[in-house]
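J.: I'd like to ask some things about the structure below.
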Amino acid sequence: MLLEIKNLDCRRGHKLVVADVTFNLKSGECIILKGPNGSGKTTLLRHIAGLNSNNINNLSNDEIAFSGHLDGVKSTLTVNENLKFWAGVYNTDNIDNIIKILNLRDLENRMAGELSAGQKRRLGLARMLLTNAKIWLMDEPTVSLDEKTTKIISDIIVNHCDEGGAAIISTHVDLNLPKSTILDINSFKPSVGKEIDPFLKGNF
């Protein structure tokens with residue numbers, strides 16, 4: 001078992017968005033979060049990543065990687081300089097292979113601030129590959145990507161899971177992932193009694 005979530009409540013500010021979230025994530029598994037915009041998919045991913053709360057799973061930084069709407073691209077650096085920076089942070093030298101996988105070779109010397117939205121997304125995903133993390137949390141990873149690049153991302157996710165990793169993905173696109181299961185975020189809508197922040201009610 002790579003990850004166990006049990007009775008997790010997720011808030012956006014003081015608003016309880018999803019409640020009592022419970023599921024397990026196994027090695028080789030991919031969970032697809034489904035639900036309408038604003039239903040709490042991003043909030044849930046950020047909570048699991050420890051960005052909206054304390055690290056609920058006692059996971060170290062090298063065990064989990066989060067790719068959100070913001071790609072983490074440093075606009076004043078070139079593509080290659082961005083990759084070298086992240087490679088230094090994550091202590092890896094796998095840059096050349098990732099450049100090839102994500103078709104970034106022709107963009108290596110271009111300033112990241114000059115990239116298109118789709119190119120920035122590819123560069124941001126390259127950062128995730130450099131982490132060597134077992135668990136990937138991906139929030140709409142194919143936004144701004146064309147069909148060809150979307151297929152590349154799907155293949156990368158499949159390969160990651162085949163090698164013992166796992167992923168939780170929020171997406172409205174069918175990524176055609178053979179080992180994926182659907183988690184309907186609507187099944188975790190809070191009951192009326194839980195919607196008020198316990199701090200505001202004085203229950204502390």
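J.: Antiparallel DSSP bridges in the chain: what percent, to the nearest 5? Kindly include the intermediate steps, with their values, before the conclusion.
T.: On the way: 8 of 26 bridges.
That works out to approximately 30 percent antiparallel.
J.: Give me the tail of P(r) for the chain as a percent: Cα-Cα pairs with distance above 30 Å. All intermediate terms of the calculation are to be shown ahead of the outcome.
T.: On the way: 4991 of 20706 pairs.
Distances greater than 30 Å cover 24 percent of the Cα pairs.
J.: Sum up the charges of everything whose Cβ sits under 13 Å from the Cβ of Leu51, counting Lys and Arg as +1 and Asp and Glu as -1, but leave Leu51 out.
T.: +2
J.: When the chain is modelled as a GNM with alpha-carbon springs shorter than 10 Å, which of Asp174, Asp93, Asp184 fluctuates the most?
T.: Highest fluctuation of the listed residues: Asp174.
J.: So if the hydrodynamic radius of segment 3-109 is defined as the Kirkwood radius over C-alpha pairs, what does Stokes-Einstein give as its diffusion coefficient at 10 °C and 1.306 mPa s, in µm² per second?
T.: Numbers: Rh = 16.4 Å.
For the chosen part, D equals 97 µm²/s.
J.: For the chain, what does the helix formula give at 222 nm: sum of -39500 (n - 2.57) over DSSP H segments with n ≥ 4, over the residue count, nearest 500 deg cm²/dmol? Don't skip to the end; give the middle numbers.
T.: Details: 6 runs with 63 residues, N = 204.
That comes out to -9000 deg cm²/dmol.
J.: Here is a further query. Using each residue's phi in segment 79-89, evaluate 6.51 cos²θ - 1.76 cosθ + 1.60 at θ = phi - 60° and report the 3J(HN,Hα) Karplus result to the nearest Hz, with x for Gly and Pro.
T.: Taking θ as phi minus 60°, the curve returns 4, 5, 5, 4, 5, 5, 4, 5, 4, x, 5 Hz for segment 79-89.
J.: Between Arg12 and residues 5 or more places away or on another chain, which pairs have amide H atoms under 5 Å apart, with H built 1.01 Å from N, and which residues are they?
T.: So Arg12 has HN proximity to Val17.
J.: Given bins 5 angstrom wide, list per bin the percent of all Cα-Cα distances in segment 75-132, short to long.
T.: Each 5 Å bin holds this share of Cα pairs: 4, 22, 36, 26, 10, 1.
J.: Let me have the relative contact order for the chain, percent, based on Cα pairs under 8 Å that are six or more residues apart.
T.: Details: 345 pairs, mean separation 65.4, N = 204.
For the chain, the relative contact order is 32 percent.
J.: Where a Cα-Cα gap under 17 Å defines reach, which lysines qualify for Lys100, not counting those fewer than 8 residues away within the same chain?
T.: Qualifying lysines at Cα under 17 Å: Lys84, Lys120, Lys148, Lys151.
J.: Would you mind checking which residues have amide H under 5 Å from Ile31's amide H? H placed 1.01 Å from N; only 5 or more apart, or other chain.
T.: Correct list: Ala167, Ile168, Ile169, Thr181.
J.: By its C-alpha gyration tensor, with a ≥ b ≥ c as the square roots of the eigenvalues, how is segment 81-187 shaped: rounded for a/c under 1.5, else prolate for a/b larger than b/c, else oblate? Intermediate results must be reported in sequence, preceding the final value.
T.: Numbers: a/c = 1.98, a/b = 1.46, b/c = 1.36.
In terms of gyration-tensor shape, prolate.
J.: Reachable lysines from Lys26, Cα under 18 Å, same-chain residues fewer than 8 places away excluded?
T.: Output for Lys26: Lys6, Lys134, Lys179.
Every number in this text was worked out from the coordinates using simple rules, so none of it is lab data. Note that the structure is a prediction, hence the values are computed from the model and not measured. Don't worry about glycine lacking a Cβ; one is built from the backbone with ideal geometry, like all the others, and counts go over all protein chains shown.
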